[in-house]
Amino acid sequence: MKLHFLGTGAGVPSKPRNVSSLMLKLLDESNEMWMFDCGEATQQQILRTTLKPRKVSKIFITHLHGDHVYGLPGFLSSRSFQGGDEKLTIYGPKGIKNYIETSLKITGTTLGYPLEIIELDKKGVAFENKQYRVTYDTLVHAVPTYGFRIEESDHPGELLVDKAHEAGVPNGPLLGRLKNRETITLEDGTVLDGNDFIGEDKPGRRVTILGDTRYCTQAVNLAQDVDVLVHEATFEAGEEKMARNYYHSTAAQAAQLAHKAHVKQLYLNHISARYVGNKAKQLQKDARLIFKSTDIVYDFDEFEIE
C-alpha cells in the first residue's frame, strides 16, 4: 500500500505544484489503484510516472471546487484508450453525477467501460468488502466537502514454521493443514491443534485523506489512530484568521489535529503557491513543533504505508 502524490498545490497550478490529486496504490494487495481528486492536468502528471490509468478502479472526490475536479472528464475519456475496460466507480458530493454526465454528453464522449457514480450523503460507508472499508464524513468548507478513512482488514497470522518443526511436523501437506488451523496427527500419534501454531493477526493499515477544511471535530474522528493522515496546509502558522475566513487550515492546525487524533504520520498537502522554497519548509518546521512526524509533500512524492 503506497501513496503517490500527483498534485499538491492549492487553487491554481504553479510551476512546482499541480492542483490536487493523489493515488492510493493497492497493486500488491488487490492489483488496483484508487484516485482521490482529479484536478486540472492530472493526466499530464500521470504521464510522468509509471502509473496505469486502467488500474484505477475507484475515484473519490472530496468536493466540487475546480482545482479538485477539472481533470476528471479528460481522465475518464482517456482511460478508454489506455486499456481500461473494467468498471470504474466514482464517489463524491451531490452534483458530481450531473457534472460528469453533462461533460461527457456535451463533448460527445463515449466510454468503453461501465461507469458508476455514487453521490454521498452526510456520513456513512462509501465502500466495503472483505479487504477494505471506506467511511466518510462531512468537513467544514465553503462547499460540501468530505474526508475519507480507509481501513484495511487485519492480516491473518502466519504459520510458525520453526515451532511446527520443533513439534516434529515434517515439511509437506501436514504443514499446510496446520496453516489452515486444522488438527493433525503425527506418525507417533501426537495430536496437534493448528491454532497453536499460528501467530497473532497483524492489524490492517489505516489511512485518512481529507478534503479542504477548517479544523473540525469530524476530521479528528476520521483521523483517530490512523497510520497516515493527509491534511491540507493552505496557510502558515499564525494565519488562522485568514484560514478560517477562506475555510481552510494552517500547517499548525493540521499538526494539532494529528496530535489530538494520535496519528502516526502526517503529510501536509494542498500548499498555497505563495509558499515555495524555504517558505514551504517553514510550514513543515511550524507543524513539527506540534507534531514531530510531519512531512510536507511535493508532486510525485511516493510513500509506503507500513
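Coordinate-derived values only; no laboratory data. Everything numeric here is computed off the predicted structure, so don't read it as measured data. Virtual Cβ from ideal backbone geometry, glycine too; neighbours counted across all protein chains shown.
Filter Lys94/Lys285; Lys163/Lys292; Lys97/Lys123; Lys15/Lys52; Lys25/Lys97; Lys25/Lys260 down to the pairs with a C-alpha to C-alpha distance above 29 Å, please.
From the list (Lys94/Lys285; Lys163/Lys292; Lys97/Lys123; Lys15/Lys52; Lys25/Lys97; Lys25/Lys260), the Cα-Cα distance tops 29 Å for Lys94/Lys285; Lys163/Lys292.
Mind listing the long-range amide H neighbours of Gly157? Cut-off is under 5 Å, sequence gap 5 or more, other chains count too, H placed in the peptide plane at 1.01 Å from N.
Asp201, Lys202
Take every Cα pair under 8 Å in the chain that's 6+ residues apart, average their separations, divide by the length, and report that relative contact order as a whole percent.
16 percent
Between Glu158 and Lys122, what is 0.36 nm times their sequence separation minus the Cα-Cα distance? Round to one decimal in nm.
9.0 nm
May I ask what percent, to the nearest 5, of DSSP beta bridges between residues of the chain are antiparallel?
Here the antiparallel bridges make up roughly 60 percent for the chain.
I need the phi-derived Karplus couplings for region 203-213: 6.51 cos²θ - 1.76 cosθ + 1.60, θ = phi - 60°, integer Hz, Gly and Pro marked x.
Whole-Hz 3J(HN,Hα) from phi for region 203-213: x, x, 7, 10, 9, 10, 10, 9, x, 4, 6.
To the nearest 20 debye, what is the magnitude of the charge dipole of the chain about its Cα centre, counting +1 on the Cβ of each Lys and Arg and -1 on the Cβ of each Asp and Glu?
Roughly 1400 debye, rounded to the nearest 20.
Going by C-beta contacts inside 10 Å, put Tyr275, Tyr298, Tyr136 in order with the fewest on the left.
Tyr298, Tyr275, Tyr136
Could you give the C-alpha radius of gyration of the chain expressed as a fraction of 2.2 N^0.38 Å, taking N as the number of residues it contains?
1.16
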